[in-house]
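Encoded as structure tokens, the structure appears first; notes follow it.
The values are calculated or read from the model by the stated rules, or taken from the named source; none is laboratory data. None of the values given here were measured: they were computed from a predicted structure. Neighbour counts run over all protein chains shown; Cβ positions are idealised from the backbone, glycine included.
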Amino acid sequence: MQLKFGTSGLRGLSEELKGEPSARYATAFARHLMAAGHSRPGDPILIARDFRDSSPEIAAVCAAALSREGLRVFDCGTVPTPALALYGLANKVAGLMITGSHIPADRNGIKFYRPDGEIDKQDEVAISRIADGIANQIAPVADAGTGEDYAAPAAALFMERNRQLLPAGALSGLKVGVYQHSTVARDLIAELLADFGADVVALGRSEHFVPVDTEAVSAETIERLRDWAREHRLDAIVSADGDGDRPLVADENGLPMRGDLLGLMACGFLGARLAVTPVTSNSGLEGREGLSVLRTRVGSPFVIAGMQQALKEGAQKVAGFEANGGTLTASPFVVNGATLEALPTRDSFLPIVAALAAAGEAKLSLSALAASYRLPVALSDRLENFPVETSTRLMAYLRGDESNLVEFLSPIGGVSAVSDIDGLRLTLDDGRIIHFRPSGNAPEMRCYVEAESSEAAEALLSRGLSTIRRWAETASN
């Protein structure tokens, strides 16, 4: 698994990132910032990390590399990625988040932020070019460094932002479990919900890293959530992925809610007029009264670019979200009588609060609230350890000739419409939707489906994954 930029940041195996490679990319980022006029020697730069075993070592190497390039390192410790991003935006300084997000513990990554927010695809190209040039000249020293401790102010600013979302006591009467596992958001989420009056129950805290993919929650995790919901008689269970930018909200039965539904709830909470979201989000988002929808490719850089373009074209009250539920804001919004400034990076806290607040206001259980949106049933899963070369061959095969696509889908159904924005999203003759897409972060092949019922969606997802698997087995022989 080679180091590469995916849907959000640089990713690769931990062993491939530790040492010289992390020093090289941190050096490249610093040089790019200075060449582009974003930073000057002596300027601060932030660094934070998640709880993976490899993250402290990678962070220390990056800190040393940044210091050698003349930047002053502020160590924000183990805070959520949106907290790091907010602190950087507020102080107009760049930053790095050492995290592999939701991917397995043997992998890791780096997310990069300019003083004005996340890097874009052009930045990725420039950083990669500089990093490649360094490798061809002389390898950076991979020693360890430290920075000034800024963990407390970074966390405090983020909590101040979130405390303005609701009046004090707004969640009184709700009993909410917080699945803490190894997310850096675990203590802050519990603290925030308690501040709003919820009865908080801490669940499943782990000192070892647990990868939680909020877009494809494992059957084992769902079973744990269901057991906890019954045992503690909970109204909801909430959590986040490793770096705290993707939300997980399970209803009173322990069943996880779709991330795109959480994003839609967040847009309603904010009063957004335009939602920017990838093609993988539920097709039922369109047609909502008072909300326009703009579709993009998968990944926060594309959502951010879509939001920025919408603002340039005069749109107001612009927000965005991904199918994993991570919610971004491009416009300021007035919430609870206060102005919530734009935070154009994925955030798990806003959609969690929005969902709980909506259930409380409507006096509905979360399951009843979710049903009231009447979205098509949407499911997703992935084949792990699926070689990138194989997924590339599969997509080339499907795009290469219409007869290939017809043959591949013959066990599933006929096709009435094709979208090629990101992967292949296929509307079948009977209205069901199936979407094949290689992951941008890991050697995985993802499959997304929509159907009228849970049974039909589960059957379509199973058939889609098995069809991918059979093709790969045949192609390898």
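Data for the structure
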{"read-out": "Meets criteria (closer than 24 Å to Pro140 by Cβ, crowded, with 24+ Cβ neighbours inside 10 Å and of a type in the set (A, V, I, L, M, F, W, C)) for Ala64", "value": "no"}
{"read-out": "Options Tyr397, Tyr373; residue that is over 18 Å from the mean Cα position of the chain (by Cα), among the hydroxyl-bearing types (Ser, Thr, Tyr) and farther than 28 Å from Ala240 by Cα", "value": "Tyr397"}
{"read-out": "Hits in the stretch 226-267 - residues which are over 18 Å from Leu193 (Cβ atoms), under 20 Å from the mean Cα position of the chain (by Cα) and surrounded by fewer than 24 Cβ atoms within 10 Å (Cβ to Cβ)", "value": "Leu255, Arg258"}
{"read-out": "Positions within the stretch 283-333 being of a type in the set (S, T, N, Q), modelled with pLDDT of 95 or more and either under 18 Å from Phe349 (Cα atoms) or not in a strand (DSSP E or B) (or both), in sequence order", "value": "Gln308, Gln309, Gln316, Thr327, Thr329, Ser331"}
{"read-out": "Residue among Glu341, Glu313 that alone is over 21 Å from the mean Cα position of the chain (by Cα) and more than 25 Å from Ser239 (Cβ to Cβ)", "value": "Glu313"}
{"read-out": "Matching entry among Ala105, Ala63, Ala154 (being in contact with a helix residue (DSSP H, G or I) (Cβ under 6 Å, 6 or more places away or on another chain) and in contact (Cβ under 8 Å) with a residue 40 or more places away in the chain)", "value": "Ala154"}
{"read-out": "Residue list for the stretch 444-461, filter: among the small types (Gly, Ala, Ser) and not in a loop (DSSP other than H, G, I, E, B)", "value": "Ala451, Ser454, Ala456, Ala457, Ala459"}
{"read-out": "Some residue of the stretch 236-247 being of a type in the set (S, T, N, Q) and over 26 Å from Pro301 (Cβ atoms)", "value": "no"}
{"read-out": "Spans of helices (runs of 4 or more DSSP H) in the stretch 353-415 with at least 1 residues touching a residue at least 24 places away in the same chain (Cβ under 8 Å) and under 30 Å from Gly268 (Cα atoms)", "value": "366-372"}
{"read-out": "Single residue of the stretch 2-28 satisfying the filter (closer than 23 Å to Ser300 by Cβ, in a helix (DSSP H, G or I) and among the aliphatic types (A, V, I, L, M)) that is modelled with the lowest pLDDT", "value": "Leu17"}
{"read-out": "Some residue of the stretch 193-207 being touching a residue at least 24 places away in the same chain (Cβ under 8 Å) and assigned to a helix (DSSP H, G or I)", "value": "yes"}
{"read-out": "Residue tally, condition surrounded by fewer than 23 Cβ atoms within 10 Å (Cβ to Cβ), touching a strand residue (DSSP E or B) at 6+ places or on another chain (Cβ under 9 Å) and either on the phi > 0 side of the Ramachandran plot or aliphatic (A, V, I, L, M) (or both), over the stretch 13-41", "value": "2"}
{"read-out": "Single match in Ser67, Ser101, Ser128 (criterion: of a type in the set (S, T, N, Q) and over 26 Å from the mean Cα position of the chain (by Cα))", "value": "Ser67"}
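Okay, residues lined up against (1) at pLDDT below 95; (2) aliphatic (A, V, I, L, M); (3) within 26 Å of Ala342 (Cα to Cα); (4) surrounded by fewer than 24 Cβ atoms within 10 Å (Cβ to Cβ):
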residue: Asp43; (1), (2), (3), (4): no, no, yes, yes
residue: Ile47; (1), (2), (3), (4): no, yes, yes, no
residue: Phe51; (1), (2), (3), (4): no, no, no, yes
residue: Ser54; (1), (2), (3), (4): no, no, no, yes
residue: Val79; (1), (2), (3), (4): no, yes, yes, no
residue: Pro82; (1), (2), (3), (4): no, no, yes, no
residue: Ala105; (1), (2), (3), (4): yes, yes, no, yes
